[in-house]
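See structure below.
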Amino acid sequence: ITSFIMMGFIFVTISALFHAGWNVLLKKSKAKFRFNMNMHMASVLIFTVILLIFYRDIISFAPDVMLSGLIAAVFFATYHLFVAKAYELSDVSQVYPITTSSPLFVTMWAAIFLGEHITFLGVVGVLVTIAGCFIMNGASLGKLSLNAGVLMALASAFAYSFGALFDKVGVNTGNPVMYTYWMNFFMTSFFVLMHFLKHKAEKPCKDDRKYILIAGVVIVASSLTYRFGIIEMPISYAVAVRQISGLFGVLMGIIFFHEGYGWKRIIGALVIISGILLLRLGI
């Protein structure tokens, strides 16, 4: 059993690398919401082609799998909406680290609703990993106040945690590839809907177009490797391990975009790695 969990650990770590990749491309884009929508549309197109070529035998419209994908997509879309609102109301440096606190909620919900058992080392690993995210992103907890932006950031973490639960239910309900496809399909549908309701006035940027297809491929890779990982791995651990994407994102920013790095990022990275190692020992 442990070997299966370790394989899940490896898959989730790989997914974190891909996750950081498309997030870095999104951060560097000019028309961010339009780019986000377009790369998700590209991911659905690419995913559809993959299904038709390699997975034709598993294509299905199973109601339970589609429903799990829809519910997870609703929570993930809500997460994006709350994060966007939090950024409007407060400084990014204050609210972003709070949005990474979702592993705390996931650990509680997984124990209550899924009956997952997490070891003491696992709990410590989750807490240390979250602490590393706070440090890396320059959280100023001394100045933290319960304002509207902070509340929205907490709400985003709360919404994400329920999306994570339905991720776990979805991959175990039916074929994980089909679940992942429907979840991505519904997520993309929500982005298109939000575009026409709120962001259609955003002007496109020609420079962004050359990265859309690449980002779409990376999203598919990130989505599939993560869902393969959580088939055997407790979701409590998986969501925390995926926080290492923040470290990968910093490294990509330094290597490819020559971004600066300070002592907070270095310490935060070391703390995140320590948390992941504790989670590994807790398996």
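Which residue, V239, L251, W109, has the largest displacement toward the positive end of the dipole of the chain when charges sit on each Cβ (Lys, Arg +1; Asp, Glu -1)?
Projecting each Cα onto the dipole axis, the largest value belongs to L251.
Mind ranking 237-248, 169-180 by how tightly packed they are, going by the mean number of other C-beta atoms within 10 angstrom, highest first? Don't skip to the end; give the middle numbers.
Numbers: 237-248: 26.1, 169-180: 20.6.
So the peptides 237-248, 169-180, ranked by packing, come out 237-248, 169-180.
In square nanometres, what is one fourth of the surface area of the convex hull spanned by the alpha carbons of the chain? Intermediate values should be presented prior to the final figure.
Values: hull surface 60.0 nm².
If you wrap the Cα atoms of the chain in a convex hull and average its projections, you get 15.0 nm².
Can you sort H40, H19 by solvent-accessible area, 1.4 Å probe, largest first? Mind showing how you got there, number by number?
Details: H40 15, H19 45 Å².
Result, largest first: H19, H40.
For region 1-100, give the percent of accessible area contributed by carbon and sulfur heavy atoms, probe 1.4 Å, rounded to a whole number.
Carbon-and-sulfur percentage of accessible area, whole number: 72.
Taking the dipole about the Cα centre of the chain, with the C-beta of Lys and Arg at +1 and of Asp and Glu at -1, give me whichever of V123, G216, F185 is farthest to the positive side.
G216
In square angstrom, what is the accessible area per residue of the chain with a 1.4 angstrom probe?
48 Å²
Let me have the relative contact order for the chain, percent, based on Cα pairs under 8 Å that are six or more residues apart. Write down the numbers at each step before the final one.
Numbers: 446 pairs, mean separation 123.0, N = 283.
Relative contact order of the chain: 43 percent.
Given the rule -39500 (n - 2.57) for each run of at least 4 DSSP H residues, summed and divided by the residues of the chain, what is its mean residue ellipticity at 222 nm, to the nearest 500 deg cm²/dmol? Intermediate results must be reported in sequence, preceding the final value.
On the way: 12 runs with 219 residues, N = 283.
Result for the chain: -26500 deg cm²/dmol, rounded to the nearest 500.
Report ³J(HN,Hα) in whole Hz for each residue of region 156-166, in order, from the Karplus equation J = 6.51 cos²θ - 1.76 cosθ + 1.60 where θ = phi - 60°; Gly and Pro get x.
So the J values, rounded to whole Hz, are 5, 5, 4, 5, 4, 4, 6, x, 5, 4, 6.
Take a quick pass over the chain and tell me how many lysine pairs come in under 18 angstrom between Cα atoms, counting only ones 8 or more apart or on separate chains.
21
Stretched out fully, how many nm does the piece from L281 to V124 gain, at 0.36 nm a residue minus the Cα gap? Write down the numbers at each step before the final one.
Values: separation 157, 0.36 × 157 = 56.52 nm, distance 1.07 nm.
Roughly 55.4 nm would be gained on extension.
Given charges of +1 on the Cβ of Lys and Arg and -1 on the Cβ of Asp and Glu, with all other atoms neutral, how large is the dipole of the chain about its Cα centre, in debye to the nearest 20? Show your work: numbers first, answer last.
Values: 20 positive and 11 negative charges, 167 e Å.
Here the size comes out at about 800 debye.
Rounded to the nearest percent, how much of the accessible area of region 193-249 (1.4 Å probe, protein heavy atoms only) is carbon and sulfur?
On the way: 1740 of 2690 Å².
Answer for region 193-249 is 65 percent, counting heavy atoms of protein chains only.
So for region 152-283, averaging the separation of alpha carbon pairs under 8 Å that are six or more residues apart and normalising by length, what relative contact order in percent results? Intermediate results must be reported in sequence, preceding the final value.
On the way: 40 pairs, mean separation 37.7, N = 132.
Once divided by the residue count of region 152-283, the mean separation gives 29 percent.
The values are calculated or read from the model by the stated rules, or taken from the named source; none is laboratory data. Only a predicted model underlies this, so the values are computations on that prediction, with no experimental measurement involved. Counting neighbours? That spans all protein chains shown, and the Cβs are built from the backbone with ideal geometry, glycine included. Quick note on the areas: whole protein, heavy atoms, side chains included, nothing else; ligands and nucleic acids left out. Shrake-Rupley method; radii C 1.70, N 1.55, O 1.52, S 1.80 Å.
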